[in-house]
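Enquirer: A single structure is presented below for examination.
The values are calculated or read from the model by the stated rules, or taken from the named source; none is laboratory data. Owing to the predicted nature of the structure, the values given are computational and were not obtained by experimental measurement. Heads up, the Cβs are rebuilt from the backbone with ideal geometry, glycines too, and the neighbour counts pull from every protein chain shown. What goes into the accessible areas is simple: the full protein's heavy atoms, side chains included, and nothing from ligands, DNA or RNA. Shrake-Rupley method; radii C 1.70, N 1.55, O 1.52, S 1.80 Å.
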Amino acid sequence: MARLLQDTSKFHPSEWHTANMMQRASTESQKSRSECVTAESWRLVDEIEKTTQKTQTDVNKKIEQRREEIKFWKQELDNKLEQIVHETEVLLTFKKRLERALEGCKEPLVVAQKCLLYRQRRVGIDLVHDEVEQELLKEAEVLQGIIALLGRTLEQTNEQIRRNRSAKYNLEMDLKDKFTALTIDDYCASLTNDTPHIIYADNAMKLEGNFVSPEDWIDFSNINVEKADKQRNNSLALKALIDSILSQTANDMRKQCEMVNTAFRNRVKEVKDAKHKLETFLVMVMDETASQERNIAALKKAIADKEGPVKVAQTRLEARNRRPNVELCYDTVQCSLMNEVQEITKNIQRQVEMMQEENLWDALAQAETELKRLSCRQLSLEEEIKVKENTLYIDEVLCMQMRESVCINNY
């Protein structure tokens, strides 16, 4: 019994109580630490949840802001695209106007050149470098200048259309990218934590590709907008220039056309007046020719009429001069015969003085010479009248009637 009480392998009750107290203290301490860890974990979880939610909310706001920004620039690009498309379409109509105006210049130029060619057929003195020819040459020069100007303007219009289309292409490509980006951001905005099929993307954090800064992104679209505005303004200025050119060239063509037509009318009137005067001269010459023919006939008759009386009177005088002796008397018969011869001689002398010749035979020769000259003058006048008729046919029939078909429109 004493040995049992003295067994050293057994613990003292106080030790047992102490051990129990230590177990309880250790357990309570462990529980306290565990509760602290749990509380800290919940706090951390709550903090992370709030931070995540805040971050996600901030990202959602940023995505929404980005979507609005993309929509803004997309609207801007849409507006500029609509404007540049409209300006290009309008410029295409102006191009057609220029082409029609160019085509419309061809006929007046051909007519002017034909008129110059036809008028080379004038003959004689009528082949003159007159006002009509001067105005026709000026008209051809004006038309050629207008054709060159319209051609250069058409080239400028084609180049502006090309630039407009280039700006349109840039806007369309930018809009296409904006549409794609907006579609992607719309998709991103629609994603939530409960969205099915969301995945981990380990490579998402890697910055691959040609990322640009927001400033560069804005500058890119802004440059496209500015280019579109510039080309639109250039188109507006070019349209105003085309309007001015078409109006001015049409006025210049009409003015010069009227100048030519007025010159033609004046020239035709002038030639008709000259032809009328020539015809009047021709009538005068023909009348004078008839008069001269009558004069020649009268002279011939006068010569014939004077031969008999002169011969009779002179024969009588010669016979009576042979009277013998006292019979050779200067009686009334002798006196009458002498007076008769003197009177006939005097009359013949008067006719000679009128013709500035010595006798009727010379007067007859002079009259026949004048008749030949009158005939030559008549032929010359008839030839000149034919020249005028040819000129009138060229100017009035060929040229002026052809010019009636010329129509100068405002394109």
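Enquirer: From the helices alone, meaning DSSP H stretches of at least four residues, give me the mean residue ellipticity at 222 nm for the chain, per-run term -39500 (n - 2.57), in deg cm²/dmol to the nearest 500. Provide the component values of the computation, followed by the final result.
Expert: On the way: 7 runs with 338 residues, N = 411.
So the helix-based figure for the chain works out to -31000 deg cm²/dmol.
Enquirer: Between Phe211 and Ile48, what's the calculated FRET efficiency when r is the beta-carbon distance and R0 is 25 Å? Round to 0.05.
Expert: So, using R0 = 25 Å, E works out to roughly 0.30.
Enquirer: I would also like to ask the following. Roughly how much of Glu343 is accessible, in Å² to the nearest 10, using a 1.4 Å probe?
Expert: Surface open to solvent at Glu343 totals about 110 Å².
Enquirer: Would you work out if the range 167-267 is rounded, prolate or oblate? Take a ≥ b ≥ c from the square roots of the eigenvalues of the alpha-carbon gyration tensor; rounded if a/c is under 1.5, else prolate when a/b is larger than b/c, oblate otherwise.
Expert: prolate
Enquirer: Between Ala297 and Lys61, 0.36 nm times their residue separation minus their Cα-Cα distance comes to what?
Expert: On the way: separation 236, 0.36 × 236 = 84.96 nm, distance 13.14 nm.
Gain in length upon complete extension: 71.8 nm.
Enquirer: Label the range 1-112 by shape, choosing from rounded, prolate and oblate, from the square roots a ≥ b ≥ c of the eigenvalues of the Cα gyration tensor; if a/c is under 1.5 it is rounded, and otherwise prolate applies when a/b is larger than b/c, oblate when it is not. Could the numbers behind the result be given before it?
Expert: Working: a/c = 24.63, a/b = 8.62, b/c = 2.86.
Prolate, because a/c is 1.5 or more and a/b exceeds b/c.
Enquirer: Right, next: In Å, what is the Rg of the alpha-carbon atoms in the range 114-199, and how long is Dmax?
Expert: So, for the range 114-199, Rg and Dmax equal 33.7, 108 Å respectively.
Enquirer: Apply 1/(1 + (r/R0)^6) to the Cβ-Cβ distance of Ile184 and Arg162, taking R0 = 35 Å, and write down the FRET efficiency to the nearest 0.05.
Expert: Values: r = 33 Å, r/R0 = 0.95.
Efficiency computed from Cβ-Cβ geometry: 0.55.
Enquirer: Post the alpha-carbon centroid distance, the range 22-85 to the range 384-411, in whole angstrom.
Expert: 94 Å
Enquirer: Would you mind working out the accessible area per residue for the chain, using a 1.4 Å probe, and quoting it in Å²? Working shown, then result.
Expert: Working: 28200 Å² over 411 residues.
Accessible area per residue, the chain: 69 Å².
Enquirer: Among [x] 86, 78, 43; [y] 63, 54, 39; [z] 259, 26, 25, which one is Cα extents along the principal axes in Å computed from these coordinates?
Expert: [z]
Enquirer: Excluding Asp46 itself, what net charge comes from residues whose Cβ is under 15 Å from its Cβ, given Lys and Arg +1 and Asp and Glu -1? Intermediate results must be reported in sequence, preceding the final value.
Expert: On the way: positive: Arg43, Lys50, Lys54; negative: Glu40, Glu47, Glu49.
Value of the local net charge: 0.
Enquirer: Using the charge dipole of the chain (Lys, Arg: +1 at Cβ; Asp, Glu: -1 at Cβ; taken about the Cα centre), state which of Leu137, Leu337, Ile385 has its Cα farthest towards the positive end.
Expert: So the residue furthest toward the plus end is Leu337.
Enquirer: Glu69: accessible area at probe 1.4 Å, nearest 10 Å²?
Expert: Accessible area of Glu69: about 60 Å².
Enquirer: Between the range 104-135 and the range 216-254, what's the alpha-carbon centroid distance in Å?
Expert: Centre-to-centre distance over Cα atoms comes out at 41 Å.
Enquirer: Between their Cα atoms, which of Lys95/Lys227; Lys272/Lys372; Lys62/Lys176 are more than 24 Å away from each other? Working shown, then result.
Expert: Values: Lys95/Lys227 22 Å; Lys272/Lys372 28 Å; Lys62/Lys176 22 Å.
Correct reply: Lys272/Lys372.
Enquirer: Can you list the residues of the range 145-186 with backbone N under 11 Å from a point 7 Å past the Cα of Glu103, pointing along Cα to Cβ?
Expert: Correct set: none at all.
Enquirer: Then there's this: Through the Karplus equation 6.51 cos²θ - 1.76 cosθ + 1.60, θ set to phi - 60°, convert the phi angles of the range 118-125 into ³J(HN,Hα) values in whole Hz; use x for Gly and Pro.
Expert: For the range 118-125, the Karplus-derived couplings read 4, 6, 6, 7, 4, 10, x, 5 Hz, x marking Gly and Pro.
Enquirer: Residue by residue through the range 381-398, which ³J(HN,Hα) values in whole Hz follow from phi under the Karplus form 6.51 cos²θ - 1.76 cosθ + 1.60 (θ = phi - 60°), with glycine and proline marked x?
Expert: 5, 5, 5, 5, 5, 5, 4, 5, 5, 5, 4, 5, 5, 5, 6, 7, 8, 6
Enquirer: Over the chain, what is the mean sequence separation of C-alpha contacts under 8 Å (at least six apart), divided by residue count, expressed as relative contact order in percent? Spell out each step's value before the answer.
Expert: Working: 256 pairs, mean separation 108.5, N = 411.
RCO, the chain: 26 percent.
Enquirer: Report relative contact order for the range 58-181 in percent, whole number only (criteria: Cα-Cα under 8 Å, sequence separation at least 6). Walk me through the numbers before you get to the answer.
Expert: Values: 57 pairs, mean separation 58.6, N = 124.
Result for the range 58-181 is 47 percent.
Enquirer: Also: At 1.4 Å probe size, with no ligands or nucleic acids counted, give the accessible surface of Val212 in Å², nearest ten.
Expert: Approximately 90 Å² of Val212 is accessible to the 1.4 Å probe.
Enquirer: Sticking with the crude label model, points 7 Å out along Cα→Cβ, report the distance from Arg152 to Asn325 in nm, one decimal please.
Expert: Roughly 12.6 nm, to one decimal.
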